[in-house]
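K.L.:
One structure follows; several queries about it will come next.
The values are calculated or read from the model by the stated rules, or taken from the named source; none is laboratory data. What you see is a predicted model, and the numbers here were worked out from it, not measured in a lab. Don't worry about glycine lacking a Cβ; one is built from the backbone with ideal geometry, like all the others, and counts go over all protein chains shown.
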Number of protein chains: 2
Amino acid sequence: MPNISERGQHMPPSPIRKLVPYAEAAKKKGVTVYHLNIGQPDIETPKPVLDAVRNSNFKILEYSHSAGNESYRRKLTGYYKKFDITVDHTEIIVTTGGSEAILFGFMACLDPGDEVIVPEPFYANYNGFAVEAEVKVVPVTSGIETGFALPPIGDFEKLITPKTKAILICNPNNPTGYLYSRAEMEVLREICLKHNLFLFSDEAYREFSYDGENISALNLSGLENNVVVFDTISKRYSACGARIGAVVTHNRVILDAVMKFAQARLSPPSFAQIAAEAAVDLPDDYFDEIKEEYQSRRDLLVSLLNKIPGVFCPNPGGAFYAMARLPIDDADKFCQWLLEAFSYEQQTVMLAPGTGFYATPGLGKQEVRLAYVLNRENIAKAMECLGKALEVYPGRLQ
Amino acid sequence: MPNISERGQHMPPSPIRKLVPYAEAAKKKGVTVYHLNIGQPDIETPKPVLDAVRNSNFKILEYSHSAGNESYRRKLTGYYKKFDITVDHTEIIVTTGGSEAILFGFMACLDPGDEVIVPEPFYANYNGFAVEAEVKVVPVTSGIETGFALPPIGDFEKLITPKTKAILICNPNNPTGYLYSRAEMEVLREICLKHNLFLFSDEAYREFSYDGENISALNLSGLENNVVVFDTISKRYSACGARIGAVVTHNRVILDAVMKFAQARLSPPSFAQIAAEAAVDLPDDYFDEIKEEYQSRRDLLVSLLNKIPGVFCPNPGGAFYAMARLPIDDADKFCQWLLEAFSYEQQTVMLAPGTGFYATPGLGKQEVRLAYVLNRENIAKAMECLGKALEVYPGRLQ
């Protein structure tokens, strides 16, 4: 029997999904599990978005243009315009989810062995795409004490080698919820210009910016040829299953390369493009309501977390995640214990261990990520469970 | 401005799409273009498949399981059973089109620099996935004189090096339409066992086997750990835009690795999985009708081609493609000339130049691929155009 590839062996398993069997076992025992572990919102997909697909009347489910339907890309330029981002429809290539946008960006810009600096903690799947592209992720650590602000410029510069080709940020951030300030974006601009680096910016949570302005990397002047934005409709319209994202850049050389990757896989999904196009037509107040809902959940979650003795959670400025420090020995053990050995009034909580979001070994052992994708009533119940759990957890730190 | 990757530069552009601007220009001049250049069938997607999506009534478009909905995978085991292929639902990982299945298979089994032997002419996008995975495609040439039969075992063995990890076939074949016989499949079995190679088998056109039996690589005894099948619903149900495929293998180590790639990109598209599941429930006579339609198109196309002086087209046993040898100097020039400089009664034909399907430089210059995805009336008109074109083409060979 031939051996599988080293790449296949090195590919990291999902750090979140490994807890799934424990959650399933808990549910079989009749325990209610509050899922704060994944970014799957409970918010309904807007009806006009689903109806656009349900009311479609084509007869052949054909390949679309490899860059996505032109009508959709043209409409997207209007969407970006609302954020003062001026792009032409030819500067947008529609992808199969934000996931494919990241993979295409890595492959088009980076060769095997090239390095990309990423502030940690970071979205764990960046590791996976890096292994696929044979690229090295170099973490620069941000700390919970500063609320996971951008590390100082000196920390980046210490890590830059001849192999460094790019910096990757997520803004607002998954998993920390941190929203980069204009000053921080200017720092990134400077580093990228000085060291001739690409700036990859994952802007999946653009609308969910609560405290302060969202600065798109596409608006950094003089950086037009360096910036590649990874986008997705998944969180924005609660349409994770659509698998529609985009690569957006002003750099024509990158666009030409990404287009070749897009052609090889033929086209993004056709049904979902119909949904995505309808989503652009939603009234502006759609986001006002959604944002208000998430902000009130955040406020509740963070205040309840900080009331639990020994817990610290900085207030995240955006997205729908919070990273909290807990008085525990080991987040992986704790999250498994919550599902396997604990319940309070037949309820428990599923969290994502912090370790999965760090590339530096040993970091994140006292941290967990919470996705506030449940309504306030359930968030309150989940935090009650968490408080009770921390009272009795055998690995509690003093 | 930072340089893009070498991978992005080496990535081949679609050999078919480069003719698109010429086709668009022809249409603007009022010329009807018969598209025999791409595998986009004109056959309607079965209504129950589209209706399943249109009648769906979920409220949140959620991520599915990374391996695809379990209900769909369980149903697929029944589909495979009809071909005497016995697989468990855990041996199927649903992918975003056959394209992603190929990429996952390459990444899970092959490392950068590894070699995969592919009978040429072959589906041009294999080159693209090979560049993405940094894998080397080694062509073994099949000839039009034998109808593109499997090259002799000695031709394969001459190409095997310590870097050779796999053989990739497409059966029935795109672009040649060749259907591998049981004896040929046994030859492949022997080579793979003797040299400890993976056998990747792209079985996108399984149903479209006209002359003789379709032997799935999954049915080769003793090769259970070597075989990885790439599958797709695109052609089978005229559902190219769904983007639903599958990796199917009995090898658990490969399944575990592919699953990690699948988790990194979260899930295949949700709307399309509903369509795909409904497709499995179509009555068995659905394929009888479709197959009869394609077979009658093939019979017409091949007989008309061989009536044109100087043209030779072997009779393809499956799929919906034919490779024909034309009396021309250069297929790329000819295909462009057809769109740019020729018309007969305000009509012309778009073909795929043979060169795009060969990795060996210089091969395929007298060959074109024709996809019989148009109805008989249009095929007849297209062949009339082609005959007239060959009479006046300036680069005609004597």
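K.L.:
Name the residues in segment B:109-122 that are within 14 Å of another protein chain (Cβ to nearest Cβ) and crowded, with 16+ Cβ neighbours inside 10 Å, would you? Explain how you work it out, then say what you get.
P.N.:
Quick first cut of segment B:109-122, residues within 14 Å of another protein chain (Cβ to nearest Cβ) only: B:109-117, B:122.
Across segment B:109-122, the qualifying residues are B:Cys109, B:Leu110, B:Asp111, B:Asp114, B:Glu115, B:Val116, B:Ile117, B:Phe122.
K.L.:
If you don't mind, another one. Go through segment B:41-83 residue by residue and tally those that are touching a Gly at 6+ places or on another chain (Cβ under 9 Å), within 14 Å of chain A (Cβ to nearest Cβ) and either within 30 Å of B:Leu339 (Cα to Cα) or in contact (Cβ under 8 Å) with a residue 40 or more places away in the chain (or both).
P.N.:
5
K.L.:
Moving on. Could you list, in sequence order, the residues of segment B:41-74 that are of a type in the set (Ser, Thr, Tyr) and farther than 20 Å from B:Asp281 by Cβ?
P.N.:
To start, the set of residues in segment B:41-74 that are of a type in the set (Ser, Thr, Tyr) comprises B:45, B:56, B:63-64, B:66, B:71-72.
Hits for segment B:41-74 are B:Tyr63, B:Ser66.
K.L.:
If you check A:Lys28 against the conditions, is it charged (D, E, K, R), in the same structural domain as A:Lys333 (by TED's automatic domain parsing) and at pLDDT 95 or above?
P.N.:
On the way: charged (D, E, K, R): yes; in the same structural domain as A:Lys333 (by TED's automatic domain parsing): yes; at pLDDT 95 or above: yes.
Yes, satisfied.
K.L.:
Here's something else I'd like to know. Can you tell me how many residues in segment A:165-210 are polar (S, T, N, Q) and either surrounded by 23 or more Cβ atoms within 10 Å (Cβ to Cβ) or touching a helix residue (DSSP H, G or I) at 6+ places or on another chain (Cβ under 7 Å) (or both)? Steps first, answer last, please.
P.N.:
Residues of segment A:165-210 that are polar (S, T, N, Q), as a first pass: A:171, A:173-174, A:176, A:181, A:196, A:201, A:209.
This time we only want the ones that are either surrounded by 23 or more Cβ atoms within 10 Å (Cβ to Cβ) or touching a helix residue (DSSP H, G or I) at 6+ places or on another chain (Cβ under 7 Å) (or both), so: A:171, A:173-174, A:176, A:201.
Count: 5.
K.L.:
Please find, within segment A:123-161, the residue that is farthest from the other protein chains (Cβ to nearest Cβ) out of those that are in contact with an Asp or Glu (Cβ under 8 Å, 6 or more places away or on another chain) and assigned to a loop (DSSP other than H, G, I, E, B).
P.N.:
Across segment A:123-161, the extreme among qualifying residues is A:Ala149.
K.L.:
If a residue must be basic (Lys, Arg) and crowded, with 18+ Cβ neighbours inside 10 Å, how many such residues does segment A:1-51 contain? Steps first, answer last, please.
P.N.:
The initial filter retains those residues of segment A:1-51 that are basic (Lys, Arg), namely A:7, A:17-18, A:27-29, A:47.
Within this subset, residues satisfying the condition of being crowded, with 18+ Cβ neighbours inside 10 Å are A:7.
Selection size over segment A:1-51: 1.
K.L.:
Can you tell me which condition B:Asp211 does not meet? The list is (1) at pLDDT 95 or above; (2) in contact with a Leu (Cβ under 7 Å, 6 or more places away or on another chain); (3) on the phi < 0 side of the Ramachandran plot, and all the others hold.
P.N.:
(1) is the only condition that B:Asp211 fails.
K.L.:
With respect to A:Val87, determine if the residue is surrounded by 17 or more Cβ atoms within 10 Å (Cβ to Cβ), more than 8 Å from chain B (Cβ to nearest Cβ), in contact with a Pro (Cβ under 6 Å, 6 or more places away or on another chain) and in contact (Cβ under 8 Å) with a residue 12 or more places away in the chain.
P.N.:
Numbers: surrounded by 17 or more Cβ atoms within 10 Å (Cβ to Cβ): yes; more than 8 Å from chain B (Cβ to nearest Cβ): yes; in contact with a Pro (Cβ under 6 Å, 6 or more places away or on another chain): no; in contact (Cβ under 8 Å) with a residue 12 or more places away in the chain: yes.
When the stated conditions are applied, A:Val87 does not pass them.
K.L.:
Moving to a separate point now. With segment B:16-122 as the region, which helices (runs of 4 or more DSSP H) entirely inside it contain at least 3 residues that are closer than 30 Å to A:Val135 by Cβ?
P.N.:
Details: elements: B:20-28, B:47-54, B:70-81, B:97-109.
The qualifying helices (runs of 4 or more DSSP H) are B:97-109.
K.L.:
May I pose another question? Within segment B:273-287, track down each residue that is of a type outside the set (Ser, Thr, Tyr) and in contact (Cβ under 8 Å) with a residue 60 or more places away in the chain. Give the derivation first.
P.N.:
Start the filter on segment B:273-287 by keeping residues that are of a type outside the set (Ser, Thr, Tyr), which leaves B:273-285, B:287.
Hits for segment B:273-287 are B:Gln273, B:Ile274, B:Ala275, B:Ala276, B:Glu277, B:Ala278, B:Ala279, B:Val280, B:Asp281, B:Leu282, B:Asp284, B:Phe287.
K.L.:
On to the next question. Have a look at A:Ala389, A:Ala322, A:Ala382 and point out the one that is touching a Gly at 6+ places or on another chain (Cβ under 6 Å) and modelled with pLDDT of 95 or more.
P.N.:
Values: A:Ala389 fails: touching a Gly at 6+ places or on another chain (Cβ under 6 Å); A:Ala382 fails: touching a Gly at 6+ places or on another chain (Cβ under 6 Å).
Residue meeting the stated conditions: A:Ala322.
K.L.:
Give A:Gln398, A:Gln336 a once-over and let me know the one that is at pLDDT below 95 and either more than 30 Å from A:Arg182 (Cβ to Cβ) or assigned to a loop (DSSP other than H, G, I, E, B) (or both). Before the answer, list the steps.
P.N.:
On the way: A:Gln336 fails: at pLDDT below 95.
Of A:Gln398, A:Gln336, the one residue that is at pLDDT below 95 and either more than 30 Å from A:Arg182 (Cβ to Cβ) or assigned to a loop (DSSP other than H, G, I, E, B) (or both) is A:Gln398.
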